[in-house]
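These notes concern the structure reproduced below.
Coordinate-derived values only; no laboratory data. Keep in mind the model is a prediction, meaning the values are calculated, not measured. Cβ coordinates were reconstructed from backbone atoms using ideal geometry, including for glycine residues, and neighbour counts include every protein chain displayed.
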4 protein chains.
Amino acid sequence: MKEELIKLILAFRENRNWEQFHNPKDLAISLSIEASELLENFQWKSSEEAVESKKEQIADELADVLVYAVYLAQSLDLDLEDIILTKLKKNEAKYPIEKAFGKKDKYTDL
Amino acid sequence: MKEELIKLILAFRENRNWEQFHNPKDLAISLSIEASELLENFQWKSSEEAVESKKEQIADELADVLVYAVYLAQSLDLDLEDIILTKLKKNEAKYPIEKAFGKKDKYTDL
Amino acid sequence: MKEELIKLILAFRENRNWEQFHNPKDLAISLSIEASELLENFQWKSSEEAVESKKEQIADELADVLVYAVYLAQSLDLDLEDIILTKLKKNEAKYPIEKAFGKKDKYTDL
Amino acid sequence: MKEELIKLILAFRENRNWEQFHNPKDLAISLSIEASELLENFQWKSSEEAVESKKEQIADELADVLVYAVYLAQSLDLDLEDIILTKLKKNEAKYPIEKAFGKKDKYTDL
C-alpha cells in the first residue's frame, strides 16, 4: 500500500482522537465484524446475484477490512507487504504445487 | 499494494489451479474465517498478553486476510487503494470530526 | 433446553475452574469464533458436499456454539427460551407475513 | 429446548415460505453473521460497559443465533441436546480436568 494512503488512514483516526480505543484486541474484533458485514452482502444469494446487486456495498466493506488491517499492523509495528511475503512462503510449504494442484482441501487433509 | 506483490499472490493461486473455487461468495466466507482465526489469538487474553505470546500467529492470520482481500478485489475488478479512498470519504461524512472527536459510538448513536 | 443439560454444561466449566476467564465479552468472542469454525466446514464446498463429507464436524461445532450460548446466557442471567420468544415477537413485527412472504430481503429492504 | 418452542420457530419460517432459502450453507453463514452482530455490542467497550449499555441488544442477537441453530439442526436432522452431550464427552477427553484445571490454553497447547 502506498505510504501516502497509509498516512491518510492514520490521519483519519488521529483527527478523531480514536487511537485511545484502538488496542490490538479491539481492532481484531472490529476487523472480524467488518469481514462479517462483507459476507452479509452474500447472505441468501448466489455469488452472481450478490455481485450484481451489492457490488458497491461489498467494495465498501472490503475497504473497512483493509482500513482495520492498516490500524492493526501499525499498532503491532508490522509492515503489510512483509507479512504477506512471509506468509506466502509458509503457504508454499503447506501447499506444495504437486500435492495441492486443483485440490480444495485444507493442508491437513491433503 | 505493489503491483509486483499482487502478481505473486495471484501466481500462487494460478500455480495451484485454484481460481476454479474462488468465486466471490466463497472468498468472502474465507476472508471472514481468516479474520476469525486472527481473533482467536486474542481469545481469553488481554490485548497485551496476546501480542506478547502470539505476535507471529497474528501477523500470519492478518496476512491471510490480506491475501483473500486481494483475490476478492481481483475477482470483482476492484482496486484496493481506490476503494479505500472512496470509503474514507464516506466515513468522513458519517463521522464528522466535530461530532466524532474522542467518541467511540457508532455513527447511528452519535 | 433441559435444566439437567444446562447443569452438565455449567459443571464442565466449574470442574475446570474456567469461570474466571468467562466474562461476557470473551464469551461473545468465543461464540463468534465457534460459529466461524462451523462455517469453515462449508468452505469451497456446495451445501450438499459439505453435509455429506463433514456432518459430524458440523454437529460438533454447532454444539460448541450452543455451549457458549449457555455460558453467555448464564453470565447475563438470561433464560434462553425467554429471549427467543421475545425476539420472535420482534421479528414478527419486522417481517410481517404479507410483506415478507417468499422474500429473502433484509427488513430494511422490504 | 422445548418441543413447543421449536415448533414456533419453525412455524415462523413456514409462514413466510423461507425454507426455500435455508440450505445448510446459507444457514451457517447466517449463524456466523448473527454471532458477529452479537459481538458488535462489545466493540470498543469493556465487558461491563457493554453489558450495562447493550444488554437488550445482546439478548436479541443471542436469540437470533439460537434461532439459526434450530434451523440448521432441523435441516441436518440433528437434535440439539444430543449433539451437546456428544460434544461434552469429546471435550472431556480433550480437556481432562487434571491438565486443564485453571488453564485457558487451547487443548493443543496444554
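Listed values, structure above:
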| item | result |
| --- | --- |
| Exclusive hit being more than 12 Å from A:ILE84 (Cβ to Cβ), assigned to a helix (DSSP H, G or I) and among the aliphatic types (A, V, I, L, M), set B:LEU78, B:LEU38, B:LEU8 | B:LEU38 |
| Test: residue in the stretch A:26-37 that is surrounded by 21 or more Cβ atoms within 10 Å (Cβ to Cβ), touching a helix residue (DSSP H, G or I) at 6+ places or on another chain (Cβ under 8 Å) and within 26 Å of B:GLU4 (Cα to Cα) | yes |
| Scope the stretch A:1-10; condition more than 9 Å from chain B (Cβ to nearest Cβ) and in contact (Cβ under 8 Å) with a residue 24 or more places away in the chain; matching residues | A:ILE6, A:LEU10 |
| Scan of the stretch B:38-54 for residues that are over 22 Å from C:PHE42 (Cβ atoms) and surrounded by 24 or more Cβ atoms within 10 Å (Cβ to Cβ), ordered by number | B:PHE42 |
| Looking only at the stretch D:90-110, and only at residues there that are among the aromatic types (Phe, Trp, Tyr) and within 9 Å of another protein chain (Cβ to nearest Cβ), the one that is nearest to the chain's Cα centre (by Cα) | D:TYR95 |
| So C:GLN57, is it surrounded by fewer than 22 Cβ atoms within 10 Å (Cβ to Cβ) and either at the interface with chain D (Cβ under 7 Å from one of its Cβ atoms) or under 16 Å from the mean Cα position of the chain (by Cα) (or both) | yes |
| Scope the stretch B:10-25; condition farther than 23 Å from A:ASN41 by Cβ and either among the polar types (S, T, N, Q) or crowded, with 17+ Cβ neighbours inside 10 Å (or both); matching residues | B:PHE12, B:ASN15, B:ARG16, B:ASN17 |
| Subset of the stretch A:11-35 (residues that are closer than 18 Å to B:LYS87 by Cβ, among the aliphatic types (A, V, I, L, M) and either at the interface with another protein chain (Cβ under 7 Å from one of its Cβ atoms) or not in a helix (DSSP H, G or I) (or both)) | A:LEU31, A:ILE33, A:ALA35 |
| Residue in the stretch C:74-89 that is without any contact (Cβ under 8 Å) to a residue 40 or more places away in the chain and under 13 Å from the mean Cα position of the chain (by Cα) present | yes |
